[in-house]
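The next block holds one structure in the form of structure tokens; read it before the comments.
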Amino acid sequence: MRMRVVYPRFRHVICVSKLLEDYFAGRNVIRIPALMDGSPPVSSRVSPTSGVFFLYAGQPGRKDRLVSFIRVLPRIQEALGRPVVLHVAGLDDRELQQLLLSDGMDLAAYRTLIECHGRVARERVSELYRQSHFSILFREDKRYAHAGFPTKAVESWSHGCPVILNPVGDVGKLARHMVDAIVVDEDRLEVQLVPALQASSDPDRYSMMFAKSREKAGRLFSLEAYQLAFTRFAERLGIRLERHG
């Protein structure tokens, strides 16, 4: 009802994705994805040579395919020949167990590979990003996933943490494989991810991915990046904003 009856009546639209921008074409429309809330402090990070730390921050809901990644964790560790740990912020052990059971899995089988932190303060999430080598973001290739833009990707890049994701929606088009992300197909996750992780273990390669992730966040997801476009959007509404820079 909202998409077909209510929203088409709007003449001025702020949306977060290319799909919605195209849907509302012909109106006064501006596309602004999720943005950084300030800039996290710069922190160096060692390359994943002795172990690989992954992070999922949030609650999976119906969009995120966290179980797909957990399923291949043991084989990834075996193939890499070094420890891997998935940190989960937003779910406790009981909640993750329920999620896994719904897919015929048991947390006990992955206990040494996963650390659940439950619901934690924002500062702790930021700390986990700085301690992790990669964040995880897998989404179903459905319309509702294309209509949004994941704040998880912006948060990760702003901390210099490359994202492991499947190419779904706008974020899949923006991510650059082995530059600021590792882009893999969900149904070929293990086959594609292992060699990419091996390549990223090179200190120079990972240092570049760290720097490029932060650069992407500042270039595409800062308030300054959309200041001029938003000023013009407001002027079409008859609102004059002071321009800076």
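Throughout, read-outs are computed from the coordinates displayed, never taken from laboratory work. Just so you know, these numbers come straight off a predicted model, no measurement behind them. We place every Cβ from the backbone using ideal geometry, glycine too, and count neighbours over all the protein chains shown.
What is the diffusion coefficient of the chain in µm²/s, taking the Kirkwood radius over Cα pairs and the Stokes-Einstein relation at 10 °C with a viscosity of 1.306 mPa s?
Answer from the Stokes-Einstein relation: 82 µm²/s.
In terms of modelled amide H atoms, which long-range or inter-chain residues lie less than 5 Å from the amide H of G118?
Sorted by chain and number, the residues that satisfy this are G90, L91, D92.
Return a whole-number percent for the relative contact order of the chain, with Cα pairs under 8 Å and 6 or more residues apart as the contact set.
For the chain, the relative contact order is 23 percent.
Would you calculate the separation in nanometres between label points at K18 and R219, each defined as 7 Å from the Cα along the Cα-to-beta-carbon direction?
1.6 nm
Give the long-range amide H neighbours of F138: residues separated by 5 or more places, or on another chain, with amide H under 5 Å away, using H modelled in the peptide plane at 1.01 Å from N.
Close amide H contacts, sequence-distant or interchain: R65.
Among Y206, Y144, which comes first, second and so on when ranked by fewest other beta-carbon atoms within 10 Å?
The order, fewest Cβ neighbours first, is Y144, Y206.
Mind checking the full-extension length gain between Y144 and R27? Use 0.36 nm per residue of separation minus the Cα-Cα distance, one decimal, nm.
40.0 nm
What aspartates and glutamates sit close enough to K212 to cross-link, taking a C-alpha to C-alpha distance under 20 Å and skipping anything fewer than 8 places away on the same chain?
Result set, ordered by chain and number: D37, E127, E155, D170, D180, D202, D204, E224.
Using Cα pairs under 8 angstrom and six or more residues apart, how large is the relative contact order of region 1-127, in percent?
20 percent
For K152, which aspartates and glutamates qualify as cross-link partners when the Cα separation must be under 12 Å and same-chain residues fewer than eight apart are set aside?
Filter leaves D64.
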